[in-house]
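Worksheet: one structure, shown below.
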Amino acid sequence: MRILHGTPRKALVTGAALAGALVLATGPAYASSSNVSGKAGGSYTYYPTGRTVTANGSNVYLKINNPGTAIKAMWYKCGSPSVHGAGVELGDGRRHLLGSNFKSGTVFCLAVAADVSEIKIAWSGTLDWNVTS
């Protein structure tokens, strides 16, 4: 079999360029996830763990693991609880949107409250951020 001079190199360069273009077109995967848990009572408990948004325009979601537990959650600006999103009812076993269109560099924290004030309810779940879809 006779290979023309330069053909294998041209194919290699073309293949590398095509692979690079596909990587740029799809972009990096930004989604971040963390297991979260705590105890919630009748007023919001402000958890101080900050999470940084790295994907401009991304969303924050929370799904709790104990369906049937009547709790609310919201994001808040770490160190400034007066800056926060709306409380979102959880407990149906689905992932819920806590906030959307966050700018890259935003640091947020999580706050959770239960519908009962006399006892604290244990909860756990998965917090997702940097979700762009």
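The values are calculated or read from the model by the stated rules, or taken from the named source; none is laboratory data. All values derive from a computational prediction rather than experimental measurement. Using ideal geometry, Cβ is built from the backbone for each residue, glycine included, and neighbour counts are taken over all protein chains shown. Keep in mind that these areas ignore ligands, DNA and RNA; they rest on the heavy atoms of the full protein, side chains included. Shrake-Rupley method; radii C 1.70, N 1.55, O 1.52, S 1.80 Å.
Quick rundown of the values:
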item: Hits in the range 35-67 (condition: open to solvent by 70 Å² or more (accessible area, probe 1.4 Å), modelled with pLDDT under 95 and farther than 18 Å from ASP128 by Cβ); result: LYS39, SER43
item: Search result, residues across the range 75-88 that are surrounded by 12 or more Cβ atoms within 10 Å (Cβ to Cβ) and under 14 Å from ARG51 (Cβ atoms); result: TRP75, TYR76, LYS77, CYS78, GLY85
item: Tally, over the range 115-131, of residues that are modelled with pLDDT of 90 or more and either within 11 Å of the chain's Cα centre (by Cα) or aliphatic (A, V, I, L, M) (or both); result: 7
item: Lone unmet requirement of (1) over 13 Å from the mean Cα position of the chain (by Cα); (2) closer than 17 Å to TYR46 by Cβ for LEU110; result: (1)
item: The range 89-99, subset touching a residue at least 24 places away in the same chain (Cβ under 8 Å) and open to solvent by 30 Å² or more (accessible area, probe 1.4 Å), residue farthest from the chain's Cα centre (by Cα); result: ASP92
